[in-house]
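> Got a structure for you, questions after.
The values are calculated or read from the model by the stated rules, or taken from the named source; none is laboratory data. Everything quoted here is computed from the prediction, not taken from an experiment. Using ideal geometry, Cβ is built from the backbone for each residue, glycine included, and neighbour counts are taken over all protein chains shown. Areas reflect the complete protein model, heavy atoms only, side chains present, ligands, DNA and RNA absent. Shrake-Rupley method; radii C 1.70, N 1.55, O 1.52, S 1.80 Å.
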Amino acid sequence: MKYTIVHFRDAFPTDDVCLDYLLNVRFGGKVGKCPKCKKIANWSRVAGRKTYACSWCGTHVSPTAGTIFHKSETPLMHWFYAIFLMSQSKNGVAAKEIERLVGVTYKCAWRMMHQIRKLMEQGPSLFDGTVEADETYVGGKRRGKRGRGASGKTPVFGIVKREGQVFAKAVPNVKASTVMPLIREHVRIGSTVMTDEFAIYNKSKKNGYKHKRVNHGSGQYVRSGRPEKIHTNTIEGFWSQLKRSVDGTHHSVSGKHLQRYVDEHVFRYNHRNAPTHLFQVLMSRLGSGA
Ligand SMILES: [Zn+2]
């Protein structure tokens, strides 16, 4: 579970070691087939280049091609260190921090982080049991209005299973026609969906869910219910963490990039009890392209 800077420095002392690691993830062991001759190759490093040659047919492969590092001039050690730093933080790291700690320009730090967030993308999810669904507004100017319809902010819709995983997505609006299809896609029919009184959730029952609501407008936050209390406190807790991260760490995030930040936050939340350290989770995903 623990993975410290000492582990990191031991594992990745040079750029060559980083490239070897990447080769292993992408062309090592069982996946080590040469794309040309399809044999399990013994790869040997090509002198002076960031490529390896197949022991059978001599074809060169580049471990960085098609990954988040593709065509980057930044040394892999810098990249891996940035991944390490992003995996260590609980609420996200500011690009300014990466700039300072990794020793790259702000622009480079920002771009690297944007690429690294691609490793945190949400996979498909289907929840059952009791879930909470809710929407919020994130990003934009720091001192925007609060609540529904706030200017410059982007709506985000989310579903969380209590004691479980979360799904969240930046959406163009919070109409029922946007939100209900997301509920249908991510919640198994017959499950219990808890929401507030907002009208966009009116058709939940019609769509085959047990629908329970709290009336926030009249100051009601928890209702007794069986077997579980009726509230949306879990998703609201997630929102407040997300906002603290986006508004507190990154200041202003445009709607265009918001989904990446949402993905990063969902990734952290969904791995909060994972036995593997986030750094190792991210490193294991380097093989899947970008
Ligand atoms: Zn070959």
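> What's the Kirkwood radius of the stretch 233-290 in Å, using all Cα pairs? Before the final figure, lay out each step's value.
Values: mean 1/r = 0.0779 Å⁻¹.
Evaluated on the stretch 233-290, it is 12.8 Å.
> Need the list of aspartates and glutamates near Lys229 for cross-linking: C-alpha distance under 18 angstrom, and skip anything on the same chain fewer than eight residues off.
Partners within reach: Asp128, Glu132, Asp134, Glu163, Asp196, Glu197.
> Oh, and also: Using alpha-carbon pairs under 8 Å, 6+ residues apart, how would you state the relative contact order of the stretch 130-253 in percent? Before the final figure, lay out the partial values.
Details: 212 pairs, mean separation 32.8, N = 124.
So the answer I get is 26 percent.
> Please compare each pair in Lys175/Lys210; Lys33/Lys118; Lys2/Lys107; Lys161/Lys205 to a cut-off of 28 Å on the Cα-Cα distance and tell me which ones are over it. Walk me through the numbers before you get to the answer.
Working: Lys175/Lys210 20 Å; Lys33/Lys118 25 Å; Lys2/Lys107 31 Å; Lys161/Lys205 18 Å.
Pairs exceeding the cut-off: Lys2/Lys107.
> Using Cα centres only, tell me the gap between the stretch 1-60 and the stretch 236-290 in whole Å.
28 Å
> Here's a follow-up. Relative contact order of the stretch 52-193: what whole-number percent is it, with Cα pairs under 8 angstrom and at least 6 residues apart? Can you show the working numbers first?
Numbers: 153 pairs, mean separation 23.9, N = 142.
Relative contact order comes out at 17 percent.
> Moving to a separate point now. Assuming R0 = 25 Å, what is the FRET efficiency of Arg188 and Arg223, from their Cβ-Cβ distance, to the nearest 0.05?
For Arg188 and Arg223, the calculated efficiency is 0.60.
> So what is the orientation-averaged projected area of the chain, using the convex hull of its C-alpha atoms, in nm²? Write down the numbers at each step before the final one.
On the way: hull surface 71.7 nm².
Mean orientational projected area (the chain, Cα hull): 17.9 nm².
> Quickly estimate the mean residue ellipticity at 222 nm for the chain, helices only: each DSSP H run with n ≥ 4 gives -39500 (n - 2.57), and the total goes over all residues, rounded to 500.
Details: 9 runs with 94 residues, N = 290.
Calculated at 222 nm, the ellipticity per residue is -9500 deg cm²/dmol.
> Please state the relative contact order of the chain as a whole percent: Cα pairs under 8 Å, 6+ residues apart? List each step's numbers first, then the result.
Values: 431 pairs, mean separation 58.4, N = 290.
This gives 20 percent for the chain.
> Counting only protein heavy atoms and a 1.4 Å probe, tell me what percentage of the chain's accessible area is made up of carbon and sulfur. Working shown, then result.
On the way: 7780 of 15080 Å².
That share works out to 52 percent.
> Roughly what % of DSSP beta bridges within the chain run antiparallel, to the nearest 5? Please report the intermediate quantities before stating the final value.
On the way: 19 of 27 bridges.
Looking only at bridges with both residues in the chain, the antiparallel portion is about 70 percent.
> Antiparallel DSSP bridges in the stretch 130-253: what percent, to the nearest 5? Mind showing how you got there, number by number?
On the way: 14 of 21 bridges.
About 65 percent, rounded to the nearest 5.
> Beyond 24 Å, what percent of the Cα pairs of the stretch 77-197 remain?
Percentage above 24 Å: 46.
> With every protein chain present, what is the per residue accessible area of the chain (1.4 Å probe, Å²)?
Working: 15080 Å² over 290 residues.
On a per-residue basis, 52 Å².
> Tell me, what is the Rg over Rh of the stretch 130-253, with Rh the Kirkwood radius over Cα pairs? Before the final figure, lay out each step's value.
On the way: Rg = 14.3 Å, Rh = 14.9 Å.
For the stretch 130-253, the value is 0.96.
> State, to one decimal in nm, how far the label point of Lys90 lies from the label point of Gln241, with both points 7 Å from Cα in the Cβ direction.
Here the answer is 1.0 nm between the modelled labels.
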